[in-house]
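Working notes for the structure below.
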Amino acid sequence: MTQITGEMLIGDAAVRGTAATLHAFDPARGVALEPAFGGGDADEVDYACRLAQAAFDRFRALPLETRACFLETIAECVLALGDALIERAHEETALPLARLVGERARTVGQLRLFAAFVRDGRWLGATLDSAQPDRAPLPRADLRLQKIPLGPVAVFGASNFPLAFSVAGGDTASAFAAGCPVVVKAHPAHLGTSELVGRAIRDAVRVCGLPVGTFSLVLGAGIAIGEALVADPAIRAVGFTGSRAGGLALAGVAARRREPIPVYAEMSSVNPMFVLPHALAARGAAIARGFVESVTLGVGQFCTNPGLVVLPDGPDARAFIDAAVQALAEQGAQTMLTGGIAATYAQQVSARVAASGVRTLAHGIQNDARNAARPALFATTQQTFLADRQLQNEIFGPASLIVTCRDLDEMIALAEHLDGQLTATLHLDEDDTAHARRLLPTLERKAGRIVANGYPTGVEVAHAMVHGGPFPATSDARTTSVGTLAIERFLRPVCYQDLPAALLPDALRDGNPLGIARVVDGTLGTA
Ligand code: NAP
């Protein structure tokens with residue numbers, strides 16, 4: 001069985017940091033967990049980054065098949081950790097065992113999806129424009145384009161997905177798929193889980209015979225280690241999931257470097273849900289119950305949690321509210337991921353209770369669970385919402401705000417007033433189509449994913465998924481952190497002009513030896 005030793009994994013070595021001592025914490029029992037972890041410092045970060053830099057050219061030059069096998073081997077090694085991984089993650093996060101088993105399946109599925117995607121080769125964007133030596137008045141050169149990896153990537157995992165958005169999560173999988181070495185900064189809320197998964201990746205590096213700097217895992221107390229990682233000259237891009245304050249702080253560090261680098265930070269979103277009049281009249285109570293389920297799922301600790309519901313006012317809205325109040329009042333308080341997250345939730349709920357013009361509709365049931373969040377539901381009018389920007393702030397946890405509007409124009413004005421979002425949801429019937437058509441252009445500008453007649457929690461890992469959106473949902477709305485499109489964050493195009501055949505990369509050689517999809521003189525095919 002893989003042991004947790006409390007060490008960092010730097011290249012091939014397990015290194016005990018001496019700059020600080022850290023403990024993981026069980027939020028449900030309120031106890032520190034063994035073993036103690038040795039936090040590192042800037043020198044260890046620098047060493048991990050130098051190894052990553054040294055590994056980069058060798059790693060990216062390996063055949064695509066080797067890279068795909070590496071991703072599949074990580075999946076196997078994560079599974080080989082067995083129940084010990086699930087049990088440790090459960091202790092560190094209080095997330096239910098069944099949820100963690102599901103999250104492991106998602107993590108492994110994500111790695112395998114990227115393996116298949118790497119083999120497919122379309123992501124290389126291979127594009128060839130033939131030379132036209134006889135073109136008048138000037139000949140055209142032979143132009144061939146492919147995408148290449150940016151270089152070593154720093155990854156900051158999320159507290160709320162200790163597997164799928166952490167050490168071997170989507171950021172790491174997409175960076176490896178692109179051909180980038182990865183240095184992960186372990187999240188302090190699940191240090192043991194991070195080490196176990198880090199060891200699984202290191203085993204995969206060994207099994208596949210990859211350069212040792214392909215992967216490292218560092219940890220430390222406070223923000224210094226994360227800042228040092230982002231500031232390191234070897235790092236070429238950053239993947240982050242967490243708070244807006246954290247994401248912006250790291251984006252600031254990246255922007256102040258001598259050579260600034262992109263930071264792909266997924267931060268905060270209230271995921272508005274618009275219920276249109278006919279749907280509200282026909283099935284308002286059912287939508288309300290589904291909404292409460294979505295708000296309280298996983299103690300509301302999802303970045304896609306529906307924190308805002310927008311309704312046309314009237315008797316149907318009141319019936320929706322009654323059903324939502326009844327459903328929410330039956331939900332008990334549950335332990336959150338960390339004491340800090342639970343304290344922030346309690347503070348934000350108290351502030352909302354006290355907010356002017358906001359009614360507290362319901363609280364869930366109080367009980368003696370530690371570090372727990374009690375669900376909460378609030379209501380206000382469109383005018384109050386527009387007047388108070390604070391009401392747009394994400395409350396990370398099982399809380400939501402219902403806003404009533406006098407008519408569709410008020411709903412559209414509210415949508416216009418919103419910050420950027422990961423998702424926007426429409427509940428609509430056929431007779432709502434004209435209303436939806438008016439709202440849709442605004443929602444397209446505001447959100448990365450538009451959901452119809454569903455709930456935003458639950459993000460499929462797929463080719464067509466977008467888990468991104470305009471600020472503050474993310475720091476860069478042009479991409480996604482879930483799904484195969486996430487690979488684009490870690491690639492850049494290079495054009496080869498008149499390069500001798502012997503020097504061309506395989507993806508761009510005559511005869512298409514890789515057999516991948518390419519665009520040749522404007523036509524897509526496998527020529
Ligand atoms: P976080 O506090 O932003 O931390 C995420 C990671 O970034 C941690 O490894 C943290 O390290 C590091 N970090 C944060 N600020 C930093 C800074 N200024 N410089 C360097 N490193 C920094 O997020 P969290 O702990 O996961 O959760 C806290 C809050 O984030 C939640 O209450 C919620 O509001 C939000 N959240 C949002 C999402 C989302 O998907 N949008 C997901 C999870 C959480 P250290 O802790 O070691 O400093």
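The values are calculated or read from the model by the stated rules, or taken from the named source; none is laboratory data. These numbers come from a predicted model, not from an experiment. When we count neighbours, we look across all protein chains shown, and the Cβ atoms used for this are built from the backbone with ideal geometry, even at glycine. Keep in mind that these areas ignore ligands, DNA and RNA; they rest on the heavy atoms of the full protein, side chains included. Shrake-Rupley method; radii C 1.70, N 1.55, O 1.52, S 1.80 Å.
Taking amide H as placed 1.01 Å from N in the peptide plane, the amide H of VAL451 sits under 5 Å from that of ALA424, THR425, LEU426, each at least 5 places away or on another chain. The ALA282 and ARG29 beta-carbon pair, evaluated with R₀ = 41 Å, returns a calculated FRET efficiency of approximately 0.30.
Helix 42-61 and the longest principal axis of the Cα set of the chain meet at an angle near 60°.
Here each label is just a point 7 Å from Cα along the line to Cβ, and for ALA42 and ALA255 those points are 2.2 nm apart. Couplings 3J(HN,Hα) of segment 315-332, computed from phi: x, 5, 5, 5, 5, 4, 5, 4, 5, 5, 4, 4, 5, 6, 5, 8, 8, x Hz, in residue order, whole Hz [Karplus 6.51 cos²θ - 1.76 cosθ + 1.60, θ = phi - 60°; x for Gly and Pro].
Largest first, what is the accessible-area ranking of ARG489, ARG29, ARG58 with a 1.4 Å probe? It would help to have the intermediate numbers written out before the result.
Working: ARG489 5, ARG29 125, ARG58 145 Å².
From most accessible down to least: ARG58, ARG29, ARG489.
Coupling constants for segment 119-131 follow from the phi torsions by the Karplus curve (6.51 cos²θ - 1.76 cosθ + 1.60, θ = phi - 60°), and in residue order they are 4, 4, x, 4, 4, 5, x, 4, 9, 10, 10, 5, 5 Hz; glycine and proline get x.
About its Cα centre, the chain has a charge dipole of approximately 500 debye under the convention of +1 per Lys or Arg Cβ and -1 per Asp or Glu Cβ, with nothing else charged. Eigenvalues of the alpha-carbon gyration tensor of segment 70-140, scaled by 5 and square-rooted, set the equivalent ellipsoid semi-axes at 49, 12, 8 angstrom, largest first.
Here the chain has 55 percent of its accessible surface on carbon and sulfur atoms, given a 1.4 Å probe and all protein chains in place.
Sequence-distant contacts, meaning Cα pairs under 8 Å at least 6 residues apart, place the relative contact order of segment 272-452 at 29 percent. For the chain, DSSP calls about 45 percent of its internal beta bridges antiparallel.
Answer rounded, prolate or oblate for segment 1-109, using the Cα gyration tensor with square roots of eigenvalues a ≥ b ≥ c: rounded when a/c is under 1.5, else prolate when a/b is larger than b/c, else oblate.
Details: a/c = 2.81, a/b = 1.20, b/c = 2.35.
Oblate.
With R₀ set to 22 Å, the beta-carbon distance separating SER350 from GLU416 gives a calculated FRET efficiency near 0.15.
Determine the gain in length on full extension of the stretch ALA80-ASP313; use 0.36 nm per residue of separation and subtract their C-alpha separation, reporting nm with one decimal.
Values: separation 233, 0.36 × 233 = 83.88 nm, distance 5.41 nm.
The ALA80-ASP313 span can extend by a further 78.5 nm.
Of all DSSP bridge pairs formed entirely within segment 272-452, close to 20 percent run antiparallel.
Does segment 272-452 come out rounded, prolate or oblate, given a ≥ b ≥ c as the square roots of the eigenvalues of its C-alpha gyration tensor, rounded meaning a/c under 1.5 and, failing that, prolate meaning a/b above b/c?
Numbers: a/c = 1.76, a/b = 1.56, b/c = 1.13.
Prolate, because a/c is 1.5 or more and a/b exceeds b/c.
Computed from the C-beta positions of ALA502 and GLU430 and an R0 of 45 Å, the FRET efficiency is 0.15 to the nearest 0.05. For the chain, the Stokes-Einstein estimate of translational diffusion at 4 °C and a viscosity of 1.567 mPa s comes to 53 µm²/s, using the Kirkwood hydrodynamic radius over alpha-carbon pairs. What is the angle, in °, between the Cα long axis of helix 408-417 and the longest principal axis of the Cα atoms in the chain? Nearest 10 is fine, range 0 to 90. So the inclination is approximately 50 degrees. Amide H contacts of ILE148: ARG492, VAL494, each under 5 Å away and 5 or more positions distant or on a separate chain (H built 1.01 Å from N in the peptide plane; Pro and chain starts excluded). Residue by residue, segment 159-168 carries 3J(HN,Hα) couplings of 5, 8, 10, x, 10, 6, 10, 10, 4, 10 Hz when phi is fed to the Karplus relation 6.51 cos²θ - 1.76 cosθ + 1.60 (θ = phi - 60°); x denotes Gly or Pro. Between the Cα long axis of helix 191-207 and the first principal axis of the chain there is an angle of about 30°, rounded to the nearest 10.
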